[in-house]
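What follows is a short report on a single structure.
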Amino acid sequence: MKPTLSPLLSELEQRAAKHAELSITRLFEWEPDRLQRMSAAAAGITLDFSKQCLDRGTLDLLGRLADSAGVAAARDAMLAGDIVNPTEQRAVLHTALRAPGGAAHARLVSEVQERMAALVEATADGELLGATGARFTDVVNIGIGGSHLGPQLACDALRYQADGPLRCHFLANVDGGEFDRITAGLDPRSTLFIIASKSFTTAETRLNAHSARAWLSAALGVDADVGRHFVAVTANTERAVEFGIDAGRVYPMWDWVGGRYSMWSAIGLPIALGAGMVAFRELLAGAAEMDQHFATASTLGNLPMLLGVIGVWNLNCLGAESYAVVPYDDRLRYLPDYLQQLEMESNGKRVGLDNAVLDHHTAAVTWGGLGTNAQHAFFQLLHQGTRFIPVDFVVALQHPAGRRAHHDALVANCFAQAEALMHGRRFDEAVDEHGIDLGRHRTTPGNRPSSMLVLDELTPRTLGALIALYEHKTLVQSVIWNINAFDQWGVELGKVLAADILAELDDPARTQRHDPSTAALIARYRASRGA
Ligand code: F6P
């Protein structure tokens, strides 16, 4: 029988009770080799998890947990292209998109990459022109979720290296305000749109695509060949062609690439157009390096496995229901958003692979923000709040802007926050000058865990490795929790209900049975639009 979390959990829970009395600072005294033992590096990223609330014995036990849960076998099955998404009967092969030749689907992958490279070149050389003969200067990616967050993160993160021909913009939300904001500064004559949708049925993307076409026609004239301003990335070529995109302008993806794991496919087209094809290939190479590390390193020297088991320990044993991701690098400002979809859409599940309702938590709430801004927003709660919230700090040693004073201050703040969370300030220190009452308010309990992810430098390569690291962490956790990380049935319900209510707004005869609150909201909205 496949082992579940439970056999080792009680042992870990006993240790967790003991850890409530342990201080991380003390652990550094008791375990002289703690830093070496609790650090690991791969692909230009060093993970220092010595400030986590766990001792050597717990770490060994967590390693055993990963091993006995079958993480290595699940990883190998995924890499081999087995059906590891059983509820959709699909293989999960985003790793094949970045593997050097010879991997599964190598021919398909390289053909699409060649076509992407050709598009970048044609755009740069002015061979690909808009309806009026103007060169393209800007590209708007219309897509949402996995068809948005990865490319947005990467285009923003690689801004210093950007060598591609176009400026990138992202239109995801169905909110017309976003459409207006994104198109406000753009010239329709020189704007290219990518309709990025694996399914090509996503309501937000389809509506934005229609509005983009109307925006172009309104500016360029109804007779203008606005089709020249569109390309599509999809696994559903038929629907893209139906929409009016020439089949030759459709860049395929496949059902073995999950939406939130798809930035390595043609969904990465904005990255290639914005940062350049060389940067895109480097991004893939960095991810491949992390894949190789994940596939070969021992459990306790394996970055994804370590991040995975630390998260399980914090959530399932120490009761930390959320964790914060705090990059100290403006270029990584979209990382928390990206990780929210990756981790919560993948592992926000309540039924196990054996169809039984789970008796343990899955997927901590992932949230976060940018350092140092976050210090002046939510860090108070991290330091002195009643909740216990671990943090992943992410920082790069080098910064290409050459603003030494800024980078020094940024890095100093990052290190100081991790130290302060761990050490805190004792009552006797706080009380000294301020008396008992104020001393209590000024006491900071400390012992709040964090991991530090240090990038030698933020390059396309290390960015690829960083994202792949969290992808694999997500897999590791799903195996321990005995869930399928690759489906997302829960998202469907809201989509169906929204479509019903939308139809009802125009046609009251289609009124559904609603609860009184929803019925009143719909009626009020209909009245406000004069229906
Ligand atoms: O949010 C649900 C979801 O299905 C995601 O998994 C996916 O990334 C997103 O919608 C967009 O889907 P598509 O690429 O098919 O438009």
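Could you say whether any residue in region 74-93 is closer than 23 Å to Asn316 by Cα and surrounded by 13 or more Cβ atoms within 10 Å (Cβ to Cβ)? Yes, region 74-93 has at least one match.
Helices (runs of 4 or more DSSP H) fully within region 198-277 that include at least 2 residues being in contact (Cβ under 8 Å) with a residue 12 or more places away in the chain, more than 15 Å from the ligand (Cβ to nearest atom) and buried (at least 24 other Cβ atoms within 10 Å of the Cβ): 269-274. No other residue among Ala235, Ala214, Ala240 is more than 16 Å from His169 (Cα to Cα), over 29 Å from the mean Cα position of the chain (by Cα) and modelled with pLDDT of 95 or more apart from Ala214. Residues in region 94-113 that are surrounded by fewer than 17 Cβ atoms within 10 Å (Cβ to Cβ) and basic (Lys, Arg): how many? Count: 1. Selection over region 140-167 of residues that are surrounded by 24 or more Cβ atoms within 10 Å (Cβ to Cβ), more than 16 Å from the ligand (Cβ to nearest atom) and not in a loop (DSSP other than H, G, I, E, B) gives a count of 2.
To keep it simple, each residue is scored yes or no on (1) at pLDDT 95 or above; (2) under 22 Å from the mean Cα position of the chain (by Cα); (3) part of a helix (DSSP H, G or I).
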site	(1), (2), (3)
Leu62	yes, no, yes
Arg75	yes, yes, yes
Leu79	yes, yes, yes
Ala104	no, no, no
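The values are calculated or read from the model by the stated rules, or taken from the named source; none is laboratory data. Keep in mind it's a predicted model, so treat the numbers as computed, not measured. Note: ideal-geometry Cβ built from the backbone for every residue, glycine included; neighbour counts use all protein chains shown.
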